[in-house]
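Trainee: Questions regarding the structure given below will be posed in turn.
Here, each number is a calculation from the coordinates, and none is a lab measurement. This is a predicted model, so every value here is computed, not measured. So basically every Cβ, Gly included, is an ideal-geometry build from the backbone, and we count neighbours across all protein chains shown.
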Amino acid sequence: MHPTEWILNHNQEQIILQANKLTLFQQGKIIECVGSDNLHYLLFFYKDDFLTVQPLVEFDQASFLGHLEQKGSCIHAPSPLFSLLLPAATSLKIISPGALLTKIKKHYSSIETALIYSYFDSYIPSEQLDIFLKEVFYTLRRDGKLLAAYRLGIVLLSRGYQKEWLRSAIEHADYAHAKKYFLSPFITLMTTDPLYVEQQLFHSNNYTQLLELYQEENRVIDSLILYINVFIKRPSPTEYKNLITVLNNTFTNDEVLSFLRSLLPVVSTKTGLHQDVYERLIKNKETDAAVGLLFHYPFPLSKKDIRDLPDLLNHLSISKLELSLQSITQRLLPLVRESPQTFEKIIRATLPNLLNRHTLADIYTHLKLNEETSDIPSLSKISDMYHLVEDAENQLKLGMHYYDLGQYEKAIECFSWEMELHSNQVEPIQWLAKAYQKVGKHKEVETYHNLLKQMKHSS
C-alpha cells in the first residue's frame, strides 16, 4: 500500500506531507505527518471536519496534545483511513490561531467553538486562551443560560482543560440544578449532551455505547478506529468477525482487503486475519502478494491450502523471494509429501539467495536430510557441500557446487586452493577461467587461458 500524502503550501514552497499516525481522542483527531523538509506536522480534525495543519511543537502533558498522546486510540500508516479522512494530494496551508477562530465560529456553536479552540492550547498563549474561554463561559451565564454555561464547563474539564477558574466557577451554587441534571443516566443525556456523553464513554472505554453514538452520528471513520483498536487490544476470532462486519457494510471488497492488509503487522497470527487475507488474495489472483504473506507470517494453513501450494508456487519467479530459513522449514517442508518436484524447484531457485545471506552450516542445519527429503537433489547437494568444506582434497568438487549455484567468488576460492595443491592439473585452471569470466574479470580470464596454453605446449 502506498503512503498517503498531502501538499502543504507554505512560504512559497510545496512540502509533501506523508501520513505517519492517526489518533482519535474524544471528538478530535490528529494525523501526524513527516514533511519532505524533514519536519513533523499535525493535521487537526473535529469529528470528520478538517480544521488546519500546524507544525509539531513541544507540548505539555496536560495539553490537548498531551492527552491525545496518552489516552488516544491510534492507527499507524499505511491505512486507507488516512485518505478516507482527507483525500490524498489535497492542498493545505497553515493558518494563524486568529484566522482559525474566525473559521470555526462560522460553522459551530459557541460551546463547540470553545472546545475546538482549546485543542490548540500548545499554539495559543495560555492567557489569551483563558480570556477567550472565560468570555464564552461568562457570556452564557450573563444571558441566563446556566445549563449551557455548566455544559461548557464540564465539556472543557472532560477534554482536559483543568484550570482553577473554571473548576471554581462551576461549583457555584447557581449551577446546582445543572450539576444534578448531568448526573442523569447517559441514555437520558445522549440526545441533549452528546459531547459530554462521548467524552465520558471515551474515558471509561465503554466501546459498546461509544459505537452506538458514532453510528447515530454516522461517524464511520471513528467507528472504524474504535473497532480496529478493540481488535488490536483484544485480538480474537470474535472481534475479527465484528470488524469484518462493519467493513463489509461500508466498503467494497477491494477496500476491505486494503484495510485488512494494513493490520497484518500489528495483529497476532492466531486471530484468523492472516488466513482470511491470504484467501482473499488467492481469490483475487494476487499470487505474488499471497506468497509474500505466506512466507512472512507463520499463520496456520488448512489442508486444502497445503494441497494447493504447488500450483500457487509454480506461477512465481521463486528466485526473487528472499525466504528465511525458518519460513522454508515451516512452509516448504510440508510440500515434500504433496509435491517433491515443486519442493525441489523452490529450494533450487532459492539456494543462491540463501547462500548470500546465510552460512552453509546454517543452511545445512535447517535443511539437513531425513527420510522424507533424502531424494531431494538440492538438499543432497547442500549435504555434500557441507561435508566437503573441511575436505582439503576435494575443493574442486566443492567449487563446482558453488559454481552451479552462481556463487562464483566462493567457487574461485575453492578452485584456487585446488590449483595450489595440484598445480600440474588442468581442470582447476579451466574452472578458474570460467568462474572469472562469470564475474567479469577478463584480465584474470586471459591469464588463466595463457597458463593453459603454456601447459598444453609443455606437455
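Trainee: Of all trypsin sites (Lys or Arg not before Pro) in region 212-297, which ones are in loop regions per DSSP and have a Cβ with at most 10 other Cβ atoms within 10 Å?
Mentor: 285
Trainee: Are there GluC sites (Glu not before Pro) in region 353-459 that DSSP puts in a loop and that have at most 11 other Cβ atoms within 10 Å, and which ones?
Mentor: Of the GluC sites (Glu not before Pro), the ones in loops of region 353-459 whose Cβ has at most 11 other Cβ atoms within 10 Å are 371, 390.
Trainee: What does the chain give for Rg and for Dmax, in Å, if only its C-alpha atoms count?
Mentor: In Å, with Rg to one decimal and Dmax whole: 33.1, 118.
Trainee: Determine, from the Cβ-Cβ distance of residue 145 and residue 9 and an R0 of 35 Å, the FRET efficiency 1/(1 + (r/R0)^6), rounded to the nearest 0.05.
Mentor: Values: r = 41 Å, r/R0 = 1.17.
Plugging the Cβ-Cβ distance into 1/(1 + (r/R0)^6) gives 0.30.
Trainee: Which of 417, 165, 431, 6 has the fewest other C-beta atoms within 10 Å, and how do the rest follow up to the most? Working shown, then result.
Mentor: Numbers: 417 16, 165 10, 431 22, 6 25.
If I rank by nearby Cβ atoms, fewest first, I get 165, 417, 431, 6.
Trainee: Per-residue counts of other Cβ atoms within 10 Å, averaged by peptide: what ranking do you get for 38-48, 433-443, 181-191, highest first? Don't jump to the answer; show the numbers that get you there.
Mentor: Numbers: 38-48: 17.5, 433-443: 15.1, 181-191: 13.1.
Answer by packing, highest mean first, reads 38-48, 433-443, 181-191.
Trainee: Need the list of aspartates and glutamates near residue 180 for cross-linking: C-alpha distance under 19 angstrom, and skip anything on the same chain fewer than eight residues off.
Mentor: 171, 193, 198
Trainee: On to the next question. Just from its helices, what would the mean residue ellipticity at 222 nm be for the chain, if runs of 4 or more DSSP H residues each count -39500 (n - 2.57) and the sum is divided by every residue, rounded to the nearest 500 deg cm²/dmol? All intermediate terms of the calculation are to be shown ahead of the outcome.
Mentor: Working: 25 runs with 267 residues, N = 459.
Helices in the chain give a 222 nm mean residue ellipticity of -17500 deg cm²/dmol.
Trainee: Taking the Cα centre of the chain as the origin, how large is its charge dipole in debye, to the nearest 20, when only Lys and Arg (+1) and Asp and Glu (-1) carry charge on their Cβ atoms? Could you put the intermediate results ahead of the total?
Mentor: Details: 46 positive and 53 negative charges, 178 e Å.
For the chain, the charge dipole is close to 860 debye.
Trainee: Considering Cα pairs under 8 angstrom that are at least six residues apart, work out the relative contact order of region 1-94 and quote it in whole percent. Walk me through the intermediate numbers first.
Mentor: Numbers: 180 pairs, mean separation 32.1, N = 94.
With pairs under 8 Å counted, the relative contact order is 34 percent.
Trainee: Where the only charges are on Cβ atoms (+1 Lys, Arg; -1 Asp, Glu), what is the dipole of region 1-94 about its Cα centre, to the nearest 20 debye?
Mentor: Details: 5 positive and 9 negative charges, 51 e Å.
Dipole size: approximately 240 debye.
Trainee: Using only Cα atoms, find the angle between the long axis of helix 442-458 and the longest principal axis of the chain, and express it within 0 to 90 degrees, rounded to the nearest 10.
Mentor: 10
Trainee: Okay, next question. If you take the charge dipole of the chain about its Cα centre, with +1 on Lys and Arg Cβ and -1 on Asp and Glu Cβ, which of 392, 133, 361 is farthest toward its positive end?
Mentor: 133
Trainee: Residue 258 versus residue 442, label points 7 Å from Cα toward the beta carbon: distance in nm?
Mentor: With each label placed 7 Å out from Cα toward Cβ, I get 5.1 nm.
Trainee: Along the Cα→Cβ direction, 7 angstrom out, place labels at residue 266 and residue 458. What is the inter-label distance in nm?
Mentor: It works out to 7.1 nm between the two label points.
Trainee: While we're looking at this one, here's another question. So if each residue of separation counts as 0.36 nm, and I subtract the Cα-Cα distance between residue 171 and residue 206, what length gain in nm does that give?
Mentor: Numbers: separation 35, 0.36 × 35 = 12.60 nm, distance 2.73 nm.
Full extension of this stretch gives 9.9 nm more.
Trainee: Mind pulling up the Rg/Rh value for region 391-459? Radius of gyration and Kirkwood radius, both on Cα.
Mentor: Values: Rg = 11.5 Å, Rh = 11.9 Å.
Computed over Cα atoms, the ratio is 0.97.
Trainee: How much length would be gained if the chain were fully extended between residue 338 and residue 187, taking 0.36 nm per residue of separation minus their Cα-Cα distance, in nm to one decimal?
Mentor: 48.4 nm
Trainee: Which loop trypsin sites (Lys or Arg not before Pro) in region 296-403, with loop taken from DSSP, have no more than 16 other Cβ atoms within 10 angstrom of their Cβ? Intermediate values should be presented prior to the final figure.
Mentor: Numbers: sites: 303, 304, 307, 320, 331, 337, 345, 348, 357, 368, 381, 397; in loops: 368.
Filter output for region 296-403: 368.
Trainee: Once both labels are modelled 7 Å past Cα along the beta-carbon direction, what's the residue 215-residue 311 spacing in nm?
Mentor: Simple spin-label model gives 4.0 nm for this pair.
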